[in-house]
1. Of all residues in region 331-346, which are buried (at least 16 other Cβ atoms within 10 Å of the Cβ) and at pLDDT 70 or above?
2. Hey, does region 375-394 have a residue that's among the hydrophobic types (A, V, I, L, M, F, W, C) and outside any helix (DSSP H, G or I)?
3. Of the residues that make up region 407-425, is at least one under 28 Å from R472 (Cβ atoms), of a type in the set (D, E, K, R) and surrounded by 14 or more Cβ atoms within 10 Å (Cβ to Cβ)?
4. Is there a residue being assigned to a helix (DSSP H, G or I) and in contact with a strand residue (DSSP E or B) (Cβ under 6 Å, 6 or more places away or on another chain) anywhere in region 143-161?
5. Could you look through region 199-234, keep only residues that are over 30 Å from L452 (Cβ atoms) and without any contact (Cβ under 8 Å) to a residue 12 or more places away in the chain, and pick out the one that is surrounded by the fewest Cβ atoms within 10 Å (Cβ to Cβ)?
6. Given the conditions (1) in contact with a strand residue (DSSP E or B) (Cβ under 8 Å, 6 or more places away or on another chain); (2) under 29 Å from S443 (Cβ atoms); (3) surrounded by 12 or more Cβ atoms within 10 Å (Cβ to Cβ); (4) free of Cβ contacts under 8 Å to residues at least 60 places away in the same chain, which single one is not true for Y194?
7. Go through region 440-469 and give me each residue that's part of a helix (DSSP H, G or I), more than 16 Å from D282 (Cβ to Cβ) and either aromatic (F, W, Y) or over 15 Å from the mean Cα position of the chain (by Cα) (or both).
8. From R129, R193, grab the single residue that is touching a helix residue (DSSP H, G or I) at 6+ places or on another chain (Cβ under 7 Å) and farther than 30 Å from F9 by Cβ.
Amino acid sequence: MPAKNNRLFSLLLVVLDLAVLTVAFVLAYVARVSYDPRPLLNQMYAGEYLLSLLAIVPLWVIVFACLGLYSPINYDRRLVSWGKIFLGCFIGILLVIGWEYIGNESIFPARLVAVYAFLGAFVLIVLERETTRFIRSLSFQHGHGINRVLLIGATSINYDIIKSLSCDQKHGYKVVAVAGPKKFVPDSCDLKRYTTIDEALRHLKKDRISTVIQTSFYEEQKKNQQILAASQAAHINYCFIPGEPEFYSGKNEIDIFLDYPIIKIYQTPLVGWGSFFKRIFDLLVLLVFAPIWIPIFVLVVLAQLVFNPGPVFFKQKRLGRYKKPFNCYKFRSMNPKYSGKNVGDAVAIFKSMGRDDLVAEYTRDHKVKHDPRITRFGHILRMTSLDELAQLVNVIRGEMSLVGPRPIMPDELGEFKGRGALLLSIKPGLTGLASVSGRSKLSFDRRVDLELYYTQSWSFWLDIKILIKTIRVVFSRNGSA
């Protein structure tokens, strides 16, 4: 969305929030005063209460603004937005109650009005944001408020961006021109392609470009400065996407070193206290949801004994944090004579079956879609992802986390082309970003890219989002192996 449209949308949200908060407080007053026969703590007429709202409602909007609820980086992310709305409402109601206490002044006629106002404000603001999000998505689909993008670079990222944005219009971005090699432009996409940067930059106004995205730095520094200067001269957005996933970082610090600005980039936010709090988070989630997962765990064990005779669990050596080996558990889904084999054994087994197609598929993707080694009940376990439930044992033991990269086998470490060290800087996970982004449909390299992004961009919000998406993916069986 262009900068002007961003400002207009943020202003619209401010106006809507003022109106919705007023409605929430009025409904809270009516619900307690008009429909609850119990005596009131303070006798307060509707007029006095409405006058108080003239101070309360703007105060709440200021709190929302401080939390970034009118910034695109927040209102474009649903779960982050919901969390900040809840926090904003909580802080807002605490400020009002504190105001009552310090000023010895009655604002609410009864304590329940504050409770109703808090809950009503949260629900109504969320509904308001979801409605505006839906309307904005419809406007994008009809070409209104679209951010027109010029893509500059010579990497495969160009292809992914063009393909993704052409299939999904809800983000409000549309690539209309590219300055880069033709091989990174999908044949099915109708857009302008410039052979030189100079030509592309000369047509910024004609193409009505509102954002320039650069996906690779050029060896000639003059070109990079030219792209940035042209964007600034045209007063349009400039963004840079590193061509290598290793440069994505969720934790960095900006400091001054010898009078030069210096950016310190950490491997992952999961260092020090981050790792400690993530462990606490895992244990709390397991404890809260124990009444759900423990019965399912027991039922799967019993079903294994009846329908899949042999060992209940399958364990395999995997690499944990800092390359420390551990036994990764799964509910056994293969015929017992094939269980416990490594990568080389799998290839040998497929060759002995005369299945060169499976050898090629396994070598390329490190898994096969229709594996003849899997039993009938094992297919059900994998289709429902219940085989992975056994890894909760590893989570309890501290060898794995609920969310993280896929556990790496020692034999396949060489396939990561030097990128495995970063993935091994945190604990592997029962589920992860790659698992909820396509699962078995993703190529091996794409899965690694997503896991690297998670490793360097971890946050509690990202973990919560992945866990929620995992439930949806499991029930939809999207991309299950």
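1. Listed by number, the residues that qualify are F331, R332, S333, M334, A346.
2. Filtering region 375-394 for residues among the hydrophobic types (A, V, I, L, M, F, W, C) gives 377, 380-381, 383, 386, 389-390, 392-393.
Next, from what is left, pick out any that are outside any helix (DSSP H, G or I): none.
No - not one qualifying residue is present in region 375-394.
3. no
4. Within region 143-161 (the criterion being assigned to a helix (DSSP H, G or I) and in contact with a strand residue (DSSP E or B) (Cβ under 6 Å, 6 or more places away or on another chain)), the answer is yes, since at least one residue qualifies.
5. K222
6. (2)
7. Across region 440-469, the qualifying residues are S440, K441, F444, D445, R446, V448, Y453.
8. R193
The values are calculated or read from the model by the stated rules, or taken from the named source; none is laboratory data. Computed from a predicted structure; not experimentally measured. Don't worry about glycine lacking a Cβ; one is built from the backbone with ideal geometry, like all the others, and counts go over all protein chains shown.
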